[in-house]
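One structure is given below, encoded as structure tokens.
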Amino acid sequence: MSVAETLTVKVGASATRLQIACPNDEENPIHIKNDHFEGDVLVRVKNFRGVVPDDSKVIATVPYFEGRKRLMSFQFQGRFAKEWTGDDLVWSQDWDLPLAAPKMIGLFQKFYQMTDAGSYSDINAEKPYMRSYVVTAMCTITSWKPVVPPGEIDEEPFRPMLVENVNGLLAADVLSKRTNPESKIPLTSQLSNLSFSVPPSGPGTPVISDEPEEMSELGPTAEEIAAASAGGPATPEPTRSSSFFRRNTNSQPTPAQLQQALAKEIKLIEKIQQGGEESVKDRRKYFSLEENRKDTIFKPELVYGFEVFNPFFDPNEFKIKIPGITIDLSKVTNGQPMRLRLMSKDGSTVFFTVEVSVAQPEAPVPGSVAAEEKEKGTLGKLWGRFSK
């Protein structure tokens, strides 16, 4: 039996209440209900041929994947039982036991941070994790008023296709408090409240920083691979408060420089408000700032829709594939499932859990032709090199 035929996806309101899901079944997502969240979770897998519930049929693929490089998608929608800020909610990938992480795993960790400035991780911990704030991790976020009024038994209809629109998430005065000329607070006082990050190189004159480079959907460049493959320390939880300035001396920003930064932030917000796929990178940049996350509220009276995907994880082979590098997760995790959770940042509240797992392939008999060929193979040599 191939690895793909053992692929199993489980979803539940908690790690102890998981049920086998039927990937690609857009008409029957898994319903979640607990004290913190009620909604639905749908997992899509391209060319799926794994395990499904006894009363279900395998759905190999859906039109959703046509014309897209995506191999897997996690989509969920629902309502929170109370208010949460954008700084409270995280999307977590974690494990209970240490990983047998080869040096090359640092490459994926670095590019994970490149594509999501809100991410932080420690893959060398006793309980390894890779996390990010929901407002930066998601590839799509939207919201709408519920069709089913509060208190009624019927479930909210599931929306299989989502379009980026965070206007229901942004504070109502997100622009007015930056542009209102009649504000009682002088402009210079408002601008002076902006905080500035100080890089390790030391203090200096504030300058407008360049736009961060976006990683190509096709993957990293050869230079990026070479720079990242050296690995590195754990990525701490991001604490920066501004990406608009880089301070190089002890002098304070001038009003003109602050005005320019404010104009840039207003332009960023306006682009986010336009919605659509093109605004996702701007939303991630905006919410990479702690004060913007804390100023954003998820409200119980709205239904929120989310989707996250990436072209690097191949669930049918349980491997991370970055151009030039392949990482076999079944070896890295020592057989542990890949666990994903929507949870609070402090870990006290878990809204739902998804587990993705495969059966370990049988090892070739020592001395057999298959074993010798595996040892001589390119991937075998690479694994031996980077796992030492």
- Of the GluC sites (Glu not before Pro) in segment 261-305, which ones lie in a loop per DSSP and count no more than 16 other C-beta atoms within 10 Å? E301
- Sulfur and carbon atoms: percent of accessible area, segment 1-142 [1.4 Å]: 47 percent
- Task: Using per-residue counts of other Cβ atoms within 10 Å, averaged over each peptide, order 111-118, 50-57 from highest down.
- Result: 111-118, 50-57
- Residues with beta-carbon under 11 Å from that of D328, excluding D328: net charge, scoring Lys, Arg +1 and Asp, Glu -1? +1
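Once R0 is set to 45 Å, what does the formula 1/(1 + (r/R0)^6) return for the Cβ-Cβ distance between I266 and D35, expressed as a FRET efficiency to the nearest 0.05?
0.70
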- Mean-position separation - Cα centroids, segment 1-56 and segment 74-94, in angstrom: 19 Å
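Can you give the extra length, in nm with one decimal, that the chain gains between T326 and D54 once fully stretched, where that is 0.36 nm per residue apart less the Cα-Cα distance?
Value of the extension gain: 94.6 nm.
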- Neighbourhood net charge (12 Å Cβ-Cβ; Lys/Arg +1, Asp/Glu -1) for C22: -2
- Under a plain spin-label model, where a point goes 7 Å from the Cα along Cα-to-Cβ, how far apart in nm are N47 and S14? 3.9 nm
- Note on the structure: Rounded to one decimal in nm, the spacing of the 7 Å Cα→Cβ label points at K281 and D154 is 4.2 nm
- Task: For an R0 of 35 angstrom, estimate the FRET efficiency from the Cβ-Cβ distance between Q252 and S344 and round to the nearest 0.05.
- Result: 0.45
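The values are calculated or read from the model by the stated rules, or taken from the named source; none is laboratory data. All values derive from a computational prediction rather than experimental measurement. We place every Cβ from the backbone using ideal geometry, glycine too, and count neighbours over all the protein chains shown. Surface accessibility is based on the protein's heavy atoms, side chains included, excluding ligands, DNA and RNA. Shrake-Rupley method; radii C 1.70, N 1.55, O 1.52, S 1.80 Å.
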